[in-house]
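Undergrad: After the structure tokens below, expect a handful of questions from me.
Read-outs: derived from the displayed coordinates by stated rules, not from any lab. The structure displayed is predicted, hence computed values, not measured ones.
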Amino acid sequence: MKIMSDNTIGINRGDELLFDYQIYNGNDIYVFGEGDEVGFYLYKKGQYNKEPIIQEVFTPEAGDEVVEIRISADEMDIGGYTNIQQEYWYEITLNDEVTLGYDSDGPKILILYPTGKKF
């Protein structure tokens, strides 16, 4: 898996998606509180208005500044068997408010590469 500077994620189909996520509040890092929930949602390209194909919610520890986003290899075995890369859009939420997603720079993209392809 590779995360690029524009928040584009590159991953091979069937690999585990695993990264630490921080939320910035201006120049400060957000400190998670009791009951905070972070959601990761993956959509087919151009379909933010449809149901996500992957939807996971994570509960960080109160006082932490980082939450681990972990999507299993089984869940990331999507897109069918193909030898071409596929583009998906994703968003991350804090307590149902989008913290990373479609903005003035456009969608946040996850590129799913064929199994075993080097990128």
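Undergrad: Of ASP105, ASP74, ASP36, which is the most mobile in a GNM of the chain whose springs link Cα atoms less than 10 angstrom apart?
TA: Checking each option, the largest mean-square fluctuation is seen for ASP105.
Undergrad: Given contacts defined as C-alpha pairs under 8 Å and at least six residues apart, what's the relative contact order of the chain, whole-number percent?
TA: Computed over the chain, the figure is 33 percent.
Undergrad: Please turn the phi angles of segment 24-34 into ³J(HN,Hα) values with the Karplus equation 6.51 cos²θ - 1.76 cosθ + 1.60 (θ = phi - 60°), one per residue in order, whole Hz, x for glycine and proline.
TA: My calculation for segment 24-34 gives 9, 10, x, 8, 9, 8, 5, 9, 5, x, 4 Hz in order.
Undergrad: Please compute the Kirkwood hydrodynamic radius over the chain, one decimal place, Å, based on all pairs of different Cα atoms.
TA: Over the chain, the inverse of the mean reciprocal pair distance is 14.9 Å.
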